[in-house]
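> Quick one: the structure is below, and I'll ask about it shortly.
The values are calculated or read from the model by the stated rules, or taken from the named source; none is laboratory data. All figures in this text were calculated on a predicted structure; none of them were measured in a lab. Here the Cβ positions follow ideal geometry from the backbone for every residue, glycine too, while neighbour counts run over all protein chains shown. The accessibility values were calculated without ligands, DNA or RNA, using every heavy atom of the protein model including side chains. Shrake-Rupley method; radii C 1.70, N 1.55, O 1.52, S 1.80 Å.
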Amino acid sequence: MSFAKTSSFFRNLFRREEVDEQLDQEVSSYVAMLADEKMAVGMSREQAVRSAKIELGGSDQVKEHVREVRSGAWFQSLAQDLRFGWRIILHNPGFSALVVLTLALGIGANTAIFSVVYGVLLRPLPYVDGSKLVVLKQQASKANLGNVGFSPKEVFDYRDYNHTLESVVEYHSMSFLLYGKDSAERVQTGVVSANFFDVLGVKPLLGRTFLPSDDTEKSDAVLVLSHEYWQVHQGGDPNIVGKVFQMNNRPHTVIGVLPPIPQYPAENDVYMPTLHCPFRSKPQNIENRQFRLIAAVFGRLKPGVSLGAAQADVSTIAHQLERSYPKDYPSEYGYGAAIAPLQDELTHRARATLIVLLCAAGLVLLIACANVANLMLARLLKRERELAVRSALGASKVRLIRQLLTEAVMLAVAGGVLGLAIAPTALQLLVRFAARFTTRAGEVRIDWPILLFTLLVSVAAGVLFGFAPALASSRQLTDALKQATGQATTSDKRRRLREALVVAQVTVSFMLLIGAGLMIRSILTLQHVDPGFRADRLLTMRIDASFRFNGKAADFAQLGDNILRRIRTLPGVESAALATGFPFRPNSVINGPGANSFEIEGKPVSKGELAPTVDVTAVGSGYFETIRQPLVQGRTFTDHDDAKAEQVAVINQQMVRHRWPSEDPIGKRVTFDNGKNWIKIVGIVGDVREYGLEKPVGDELYIPVAQFFFNSLVVRTGTDPMSLAPLVRAAIHDIDTKLAIDQVDTIERLQHESVASPRTTTILLGIFAALALVISATGIAGVMALSVNQRAHELGIRLALGQSKGSILQMVVRQGLALAIMGTILGIIGALALARLLSSLLYQTSPTDALTYSAVALVFLVAAAISCFVPAHRVTLIDPSQALRQE
């Protein structure tokens, strides 16, 4: 067998791109070569073929041999590609660094965002069979009430009559005072069924959780501590089990400590059984179906039961309750029950925002890939001779494409590694951001699913930006050699590919800029909303005197008077007032206003009609003056509006417009207890956005603190409010050291914090959009610079023939702007298509706002014009005489 034939055979044999269908052909060729040698020594063709097959051991053995050679050749060629790719990367450090850095920004952003998306939306709950855990909600659909809570009786009904749930447990959270030797501390307390932790599948870190015997009337009061409270407030005391605390006027013994897992549906300091809660345990409350104190009811699906079957089951129970107790479930309210996976309930507030951010990060990565693809296309001009020589030596088109893809993937993986290194920095900000929406933010971390995601994204990015240049490299050998020696310009096909990549970058960048522009316009609109009062220089704090006076209202009122007299004498204090709440208080911003049903005198509620509802806040004398909430008509409260005086109320203007649109409400009366007690309206005050700037003003009714109770203090100061906080706290403790004081803050900061979520979303989208704009602008500049460089000969001739430099400059800039304009038009279409995705995040801003679209288009085109002008300016450096000499 000749050397040429043997070389040709093995070259074909080692090619990875040969498909399995050619195997028989190759075997036949192999046999034919050996047969030719035997025919040369006098054998007939039939004898030679038979002898060759016998010598090779038969066709099956030949095929197996070819397969083995192929397998080894594939790994060998892959190792060759990797070694050669590594040399190319090291040989071009500037280009490689630029590509890796560009991809690192895109991949790092995606890694950080996906870490939050996975930790919040996708990670399984850290409970036993967490996917089986569900949340029950009782709704009044006709009254537009999403969750009206449960009474103890209703919890018993759903527990006893359902056929699809293994267990049903209750949960609500309250704030109680935990007394030490000389102080009191407010603790957020989860009130739960005895088997609550068993249903979740939580095992204690220390001690034990609750037993059925702990949830009886005669049992000793016990507590289970959360891990964070145990660590922060009890110093991680290993002997904490058995320690006794005084709470709710009775001793409570610590029986266990929870492990460090997220708490659902909210974080609590301690937990107690239901019958130890002073409100939940009252017999009259247990028997009252309308005492819907319980905020959440959890269940676990039985094996094989679907969510749909469970929904049908609880709906049947709800209909039975409505028929059996018509007074407790008026038909006009439309009572019903809904069931949903616990995981969905914990994340629904965060889902839309996180998906928007993930899409934005993905778009940035696409822009980066397009930009890198353009860079690699430009670099191919310098590698044409190398590729042409390799092709001449026998490398096929598929082999060359694979080599270029290998280099691209290696660069992308390097970018992924660098992106993974910078992701934790961004992740800290994102975790704090996600914590505003869900308690699952504590589960966000970079672990193996995130590492796998980063690897897949890196490889996909490498294939994505490497595929187009690799395909573009498959040219005829003669054309490649001409290109390599500088005798030919870039083909029209490759030029159009680069321009298409630029248009794609501009399109996606414009969509991101539109999203950021709409969010900026929305947040500016939100920040200019008038809250209805003066938020500056207002100090607030929560004061808890629960169970200090055993229900003696007179003692409680006297405490309030003592506090106000002392605070008002402090230097720097202009005024002070007590209340049960104030604008932008943390819990109210999350939970929204209360819905207290009432009746207006002379306007009884007809059968089948929903009773009107209003949010009620107790405020003391001087409250409206302290926060500068304007009085519109009538009067506000005075010190004479105490427990012995006539019950009075002040309402806001929204309630006047809603309930007395054509009447004077002053002197009108309302009742909250079916006419047992009537409250007279004595004043009207301006509307205040109590629950957030973005939320509409609702009906508000204010009653005197002296006729109710207080738990908050509002102080207007003449200087920095927080500088007076220690003085105010000390003054209150001088009156009573057992008063718990916390949540010390300023209303101005709370107002700023109330828009922190949309502001952070805007900042993140703005960062992505700015990054996209810079990448796109550099992409346009790169394409134009390459175009000017390749057309230098042509442009020099134009100058030599008398065309002015200014006109040529304009021509080059127009070509670049044409790409930007085309991308902008496509970007507008894409942004309009995605407008609905952003609409839920915008405040009083249309997702098709013409001003935003116009402003973004102008900014983008100006940036594009600058990007075109800088490389086009090189036209002025062309020497016409040199161009003529070359011609």
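> So which pairs qualify, if the first residue must be in the range 99-110 and among the charged types (D, E, K, R), the second must be at pLDDT 85 or above and open to solvent by less than 20 Å² (accessible area, probe 1.4 Å), the Cβ gap must be under 8 Å, and the two must be at least 6 apart or on different chains?
none
> Just one of the numbered conditions (1) open to solvent by less than 40 Å² (accessible area, probe 1.4 Å); (2) touching a Leu at 6+ places or on another chain (Cβ under 8 Å) is not true of Ser131; which one?
Ser131 satisfies every listed condition except (1).
> To continue, here is another question. Scan (1) at pLDDT 85 or above; (2) more than 30 Å from Arg440 (Cα to Cα); (3) not aliphatic (A, V, I, L, M) for the single condition Gln290 breaks and write down its number.
Exception for Gln290: condition (1).
> Which residues, taken from the range 702-723, are crowded, with 21+ Cβ neighbours inside 10 Å and outside any loop (DSSP other than H, G, I, E, B)? Full working, then the answer.
Our first condition is that a residue be crowded, with 21+ Cβ neighbours inside 10 Å; within the range 702-723, this holds for 702, 704-706, 710, 712-717, 721.
If the condition is that a residue be crowded, with 21+ Cβ neighbours inside 10 Å and outside any loop (DSSP other than H, G, I, E, B), then Tyr702, Pro704, Val705, Ala706, Ser712, Leu713, Val714, Val715, Arg716, Thr717, Pro721 are the ones that fit.
> Across the range 148-172, which residue is farthest from the chain's Cα centre (by Cα) among those that are within 17 Å of Val191 (Cβ to Cβ) and without any contact (Cβ under 8 Å) to a residue 24 or more places away in the chain?
Checking each candidate, the answer is Phe156.
> Could you look through the range 421-434, keep only residues that are open to solvent by 60 Å² or more (accessible area, probe 1.4 Å) and of a type in the set (A, V, I, L, M, F, W, C), and pick out the one that is modelled with the lowest pLDDT? First the steps, then the outcome.
Within the range 421-434, the first condition is being open to solvent by 60 Å² or more (accessible area, probe 1.4 Å), and the residues that meet it are 421-422, 425, 428-429, 432.
When the remaining residues are screened for being of a type in the set (A, V, I, L, M, F, W, C), the result is 421-422, 429.
On the way: Ala421: 86, Ile422: 83, Leu429: 80.
In this case the residue turns out to be Leu429.
> With without any contact (Cβ under 8 Å) to a residue 60 or more places away in the chain and crowded, with 21+ Cβ neighbours inside 10 Å as the only criterion, which of Leu211, Leu205, Leu223 stands out?
Going through Leu211, Leu205, Leu223 in turn, the sole match is Leu223.
> Here is a further query. Show me the helices (runs of 4 or more DSSP H) found entirely inside the range 140-242 where at least 3 residues are under 25 Å from Ala310 (Cβ atoms).
152-161, 196-200
> To continue, here is another question. So the check is Cβ under 6 Å with 6+ separation or different chains; which pairs have a first residue in the range 676-705 that's of a type in the set (Asp, Glu) and a second one that's surrounded by fewer than 21 Cβ atoms within 10 Å (Cβ to Cβ) and outside any loop (DSSP other than H, G, I, E, B)?
Filtered contacts from the range 676-705: Asp687/Gln653; Asp687/Gln654; Glu694/Leu526; Asp699/Gln654; Asp699/His658; Glu700/Asp615.
> For Ile261, which of the numbered conditions (1) in a loop (DSSP other than H, G, I, E, B); (2) of a type in the set (Val, Ile, Thr); (3) out of contact with any Pro (no Cβ under 8 Å at 6 or more places or on another chain) fails to hold?
If we test Ile261 against (1) in a loop (DSSP other than H, G, I, E, B); (2) of a type in the set (Val, Ile, Thr); (3) out of contact with any Pro (no Cβ under 8 Å at 6 or more places or on another chain), just (3) comes out false.
> Residues in the range 594-631 that are surrounded by fewer than 17 Cβ atoms within 10 Å (Cβ to Cβ) and touching a Gly at 6+ places or on another chain (Cβ under 6 Å): how many?
Counting residues in the range 594-631 that are surrounded by fewer than 17 Cβ atoms within 10 Å (Cβ to Cβ) and touching a Gly at 6+ places or on another chain (Cβ under 6 Å) gives 1.
> From the list Arg292, Arg280, pick out the single residue that is part of a loop (DSSP other than H, G, I, E, B), touching a Gly at 6+ places or on another chain (Cβ under 6 Å) and among the basic types (Lys, Arg).
One residue alone meets the criteria, Arg292.
> In addition: Which residues, counting only those in the range 633-660, are more than 22 Å from Gly560 (Cα to Cα) and under 42 Å from the mean Cα position of the chain (by Cα)? Can you show your working first?
Within the range 633-660, the subset more than 22 Å from Gly560 (Cα to Cα) is 633-634, 651-660.
Within the range 633-660, Ile651, Asn652, Gln653, Gln654, Met655, Val656, Arg657, His658, Arg659 meet the criteria.
> Within the bounds of the range 529-547, is there any residue that is modelled with pLDDT under 85, on the phi < 0 side of the Ramachandran plot, polar (S, T, N, Q) and open to solvent by 70 Å² or more (accessible area, probe 1.4 Å)? Full working, then the answer.
At the first step, the residues of the range 529-547 found to be modelled with pLDDT under 85 are 544-547.
Imposing the further condition that a residue be on the phi < 0 side of the Ramachandran plot reduces the set to 544-546.
Within this subset, residues satisfying the condition of being polar (S, T, N, Q) are 546.
Now restrict to residues that are open to solvent by 70 Å² or more (accessible area, probe 1.4 Å): none.
No: zero hits.
> Could you check the range 739-763 and list, in sequence order, the residues that are in a helix (DSSP H, G or I), β-branched (Val, Ile, Thr) and open to solvent by less than 40 Å² (accessible area, probe 1.4 Å)?
Of all residues in the range 739-763, those in a helix (DSSP H, G or I) come to 747-754, 756-763.
Next cut, β-branched (Val, Ile, Thr) only: 747, 760-763.
Passing the criteria: Ile747, Thr760, Thr761, Thr762.
> From the list Leu501, Leu471, which residue is open to solvent by 20 Å² or more (accessible area, probe 1.4 Å), under 15 Å from Asn374 (Cβ atoms), at pLDDT below 80 and in contact with a helix residue (DSSP H, G or I) (Cβ under 6 Å, 6 or more places away or on another chain)? Step through it out loud before you land on a result.
Numbers: Leu471 fails: in contact with a helix residue (DSSP H, G or I) (Cβ under 6 Å, 6 or more places away or on another chain).
From the options Leu501, Leu471, the qualifying one is Leu501.
> If I ask for residues that are under 28 Å from Phe768 (Cβ atoms), of a type outside the set (A, V, I, L, M, F, W, C) and open to solvent by 20 Å² or more (accessible area, probe 1.4 Å), which ones from the range 77-101 would you list?
Across the range 77-101, the qualifying residue is only Gly94.
> Only residues that are of a type in the set (A, V, I, L, M) and assigned to a helix (DSSP H, G or I): list them for the range 424-439, please. Quick ask: steps written out before the conclusion?
Of all residues in the range 424-439, those of a type in the set (A, V, I, L, M) come to 426-427, 429-431, 434-435.
Selection gives Ala426, Leu427, Leu429, Leu430, Val431, Ala434.
> If I filter the range 262-295 down to residues being hydrophobic (A, V, I, L, M, F, W, C) and touching a Phe, Trp or Tyr at 6+ places or on another chain (Cβ under 8 Å), which single residue comes out as farthest from Ser324 (Cα to Cα)?
Residues of the range 262-295 that are hydrophobic (A, V, I, L, M, F, W, C), as a first pass: 266, 270, 272, 275, 277, 279, 286, 291, 293-295.
Next, from what is left, pick out any that are touching a Phe, Trp or Tyr at 6+ places or on another chain (Cβ under 8 Å): 270, 293-295.
Working: Val270: 37, Leu293: 21, Ile294: 21, Ala295: 23 Å.
Within the range 262-295, the match that is farthest from Ser324 (Cα to Cα) is Val270.
> Here's something else I'd like to know. For Gln246, indicate whether it is surrounded by 14 or more Cβ atoms within 10 Å (Cβ to Cβ) and part of a strand (DSSP E or B). Write out each step before concluding.
On the way: surrounded by 14 or more Cβ atoms within 10 Å (Cβ to Cβ): yes; part of a strand (DSSP E or B): yes.
Yes: the conditions hold for Gln246.
> Here's another thing I want to ask about it. As an exercise: evaluate Glu663 against (1) over 39 Å from the mean Cα position of the chain (by Cα); (2) buried (at least 19 other Cβ atoms within 10 Å of the Cβ) and give the number of the one condition it does not meet.
The one condition Glu663 does not meet is (2).
> Among (1) farther than 30 Å from Arg436 by Cβ; (2) assigned to a loop (DSSP other than H, G, I, E, B), which single condition is Arg566 missing?
With (1) farther than 30 Å from Arg436 by Cβ; (2) assigned to a loop (DSSP other than H, G, I, E, B) applied to Arg566, the lone miss is (2).
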